[in-house]
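Below you'll find the structure, written out as structure tokens, and then a few comments.
Throughout, read-outs are computed from the coordinates displayed, never taken from laboratory work. Worth saying up front: this structure is predicted, and the values here are computed from it rather than measured. Quick reminder, even Gly has a Cβ in these numbers, built from the backbone with ideal geometry, and neighbours come from all protein chains shown.
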Amino acid sequence: MNDHVSHPPGSSRSTAGTGTAQNTEYRIAHLRERLAAEEPGELGVRVETRGSAVTVIGTVPTAHCRDELMHTANEELAGLSLHFDIVVAEAAAPDHPEEVS
């Protein structure tokens, strides 16, 4: 699932300059800490900077976990260009037996 947070006209989205880049890296580190510490403790999710955007990539067990992850990321990284590539891996039992030949 992909999501994009837009910026108001005239706002600066660039991570150029040490202050802005350091602030972005600090906010990303804080997001990583929250993802590891809070429920459900999503350790398999990566947060990367790509140009002036931040991308959250990974697999989560449920749609609820995905929604919580997206909410937390949007909260921590408000004002940044943010993209999501999150896959929900259903862990439901198979509905039919697998035939092996």
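General remarks:
- In order along segment 45-60, phi translates into HN-Hα couplings of 10, 9, 10, 10, 9, 9, x, 9, 10, 10, 10, 9, 10, x, 10, 10 Hz, rounded to whole numbers, per the Karplus curve 6.51 cos²θ - 1.76 cosθ + 1.60 with θ = phi - 60° and x for Gly and Pro.
- Pairwise Cα distances in segment 18-88 exceed 13 Å in 61 percent of cases.
- Förster radius 22 Å - calculated FRET efficiency between Ala36 and Ala93 (Cβ-Cβ, nearest 0.05): 0.15
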